[in-house]
1. Rounded if a/c is under 1.5, else prolate if a/b is larger than b/c, else oblate: which is the chain, with a ≥ b ≥ c the root eigenvalues of its Cα gyration tensor?
2. Tell me, what is the per residue accessible area of the chain in Å², probe radius 1.4 Å?
3. With the contact rule set at Cα under 8 Å and sequence spacing of 6 or more, what percent relative contact order holds for the chain?
4. Going by amide H atoms built from the backbone, whose H comes under 5 Å of the H on PHE290, apart from near neighbours?
5. What base-10 log of the normalised intensity I(q)/I(0) is obtained for the range 377-471 from the Debye formula, alpha carbons as equal point scatterers, at q = 0.11, 0.13, 0.21, 0.24 Å⁻¹?
6. Please give the peptides 370-382, 415-427, 434-446 ranked by average Cβ packing (other Cβ atoms within 10 Å per residue), highest first, as a rough proxy for protection.
7. From the C-alpha coordinates alone, can you work out the Kirkwood hydrodynamic radius of the range 34-115, in Å?
8. Taking the Cα centre of the chain as the origin, how large is its charge dipole in debye, to the nearest 20, when only Lys and Arg (+1) and Asp and Glu (-1) carry charge on their Cβ atoms?
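The values are calculated or read from the model by the stated rules, or taken from the named source; none is laboratory data. All of these numbers come straight from a predicted model, not from anything done at the bench. With ideal geometry, Cβ positions are generated from the backbone for all residues, glycine too; neighbour counts draw on all protein chains shown. These accessible areas exclude ligands, DNA and RNA; they are computed on the full protein's heavy atoms, side chains included. Shrake-Rupley method; radii C 1.70, N 1.55, O 1.52, S 1.80 Å.
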Amino acid sequence: MAAKPKSKMDLIVALAKRRGFVMPTSEIYGGIGSSYDYGPLGIEMKRKLADLWWREMIRKHDNIVGIDSAIIYHPKTWVASGHVDGFTDPLVDCKKCKARFREDELVKRIVKGIKGIDEAPLKNDGQNLDADHASYALIPCPKCGTKGELTAPRSFNLMFKTHIGPVEDSGDAVYLRPETAQGIYVDYPQVQTTSRLKPPFGIAQIGKAFRNEITPGNFIFRTREFEQMEMQYFIKPGSEEEAMEFWKGERLAFWRDVCGIKEENLRLHQHTKDELAHYAADAYDIEYNFPFGWDEFEGIHSRTDYDLQRHAEHSGKRKDLEYFDDQTRERYLPYIVETSAGLNRGMLAILLDAYHEDSVEGNERVVMRLDPKLAPITAGIFPLTKKDGLPELARKLQDDLRLDLDVFYDETGNIGRRYRRQDEAGTPFCITIDHQTLEDQTVTIRDRDTLEQQERPKLDQVAAVLSDKLRG
Ligand code: GAP
């Protein structure tokens with residue numbers, strides 16, 4: 001029987017592991033569901049993506065500053081934000097076989113008539129929801145098939161709870177943050193004062209967030225530990241529509257023009273009333289055309305003054321959270337428009353978009369057409385042969401470039417093989433040192449996508465040529 005063709009997702013997962021972009025964590029122990037480590041190429045790319053976002057949001061705007069807040073906040077933060085009561089997923093158990101399912105997944109599958117379902121594997125203390133159990137009585141358990149054994153849905157909180165100090169006492173309970181946004185809200189009075197910002201202004205941060213997801217999956221799309229790149233824009237009430245329009249345009253342009261994702265694979269989706277989160281008055285998702293369907297990798301949310309109102313009530317520090325406009329003598333709680341991107345999901349979209357297969361002079365190749373700004377290695381440096389002084393010249397070029405550019409020296413295998421390895425890693429340029437270099441100090445620069453060999457620049461011009469290409 002012919003082997004089933006691999007899906008694009010399978011191809012990316014395999015390439016990511018093979019080339020050291022992303023690999024399962026603690027694999028010697030069998031891994032732990034949906035936790036991933038970023039290898040030597042993956043960490044370079046992830047850092048470049050985070051840096052591009054930082055440049056785009058902070059360097060580009062006078063009125064946006066950055067912070068890096070703690071992961072563990074005062075636990076009242078999460079009571080005020082609504083996460084302790086409302087950040088939950090409803091789960092259904094089978095009393096017979098003890099399997100556990102997410103209710104929305106169960107309903108979706110039943111409506112679509114799909115057999116088989118992912119089980120929700122977690123143990124957690126659930127609370128009963130008010131749902132009508134009778135509606136589940138006739139549904140067979142998707143795992144063991146027994147009818148009438150499914151429980152009413154129960155609500156499970158997605159926050160990871162832990163405690164501070166050596167004694168496990170409920171009084172010391174704290175949470176790993178499920179979003180970075182709240183760290184910005186609770187710091188906002190200090191940041192606004194020290195940076196002397198006037199609305200509209202933004203506070204941005206990049207950092208880890210944790211969610212005890214019931215059904216993680218699709219590689220790095222949904223994991224329990226991930227990184228967010230969030231910016232909270234503090235505005236005068238009444239200007240939220242204008243701010244939403246502005247940021248929708250800016251954020252879409254970032255993924256398309258700066259990161260190079262193809263326009264046809266990007267779209268905006270406005271949330272329906274049912275889809276809106278508890279804090280949002282309006283929301284758009286930036287979606288990518290993933291192999292499993294269109295799905296969100298960044299949200300743009302109009303949060304009104306919901307968060308600051310809640311923190312004002314719970315902290316008793318309303319005055320600190322209000323903004324006083326000394327020109328108009330007005331005092332108000334700013335409204336917030338948030339841009340909330342997933343660093344890992346963004347990276348997955350970029351990797352999928354970059355994956356191509358073609359053939360060069362009759363040889364099949366896999367080529368990652370990553371934007372040069374995001375490619376882990378900017379240029380490969382190859383001596384044509386291992387003799388005649390070519391390696392020494394190539395090493396000298398590597399030393400001249402290495403502190404400013406990501407370059408990689410390779411002298412093993414024939415030149416075609418070396419190109420193929422760099423094509424898979426997404427390296428946009430490969431520099432070859434050959435016998436002519438000995439005579440006139442010139443090199444060739446091969447372009448990954450056009451396969452053209454640039455007219456021979458001099459060794460001392462290579463840094464400028466590569467920097468120009470990165471800027472272009
Ligand atoms: N502060 C708003 C907020 O957190 P969200 O829509 O829940 O909004 C924003 O999350 C982004 O964070 C998502 O678009 C996604 O890119 C990323 N994200 C959320 N949950 C994730 C998970 N379990 N794994 C990976 N990324 C996730």
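1. oblate
2. For the chain, the solvent-accessible area averages 50 Å² per residue.
3. Normalised by residue count, the contact order of the chain is 12 percent.
4. HN-HN under 5 Å from PHE290: ASP295.
5. -0.26, -0.37, -1.04, -1.41
6. With the highest mean Cβ count within 10 Å placed first, the list reads 370-382, 415-427, 434-446.
7. Evaluated over the range 34-115, this radius sits at 18.1 Å.
8. 1180
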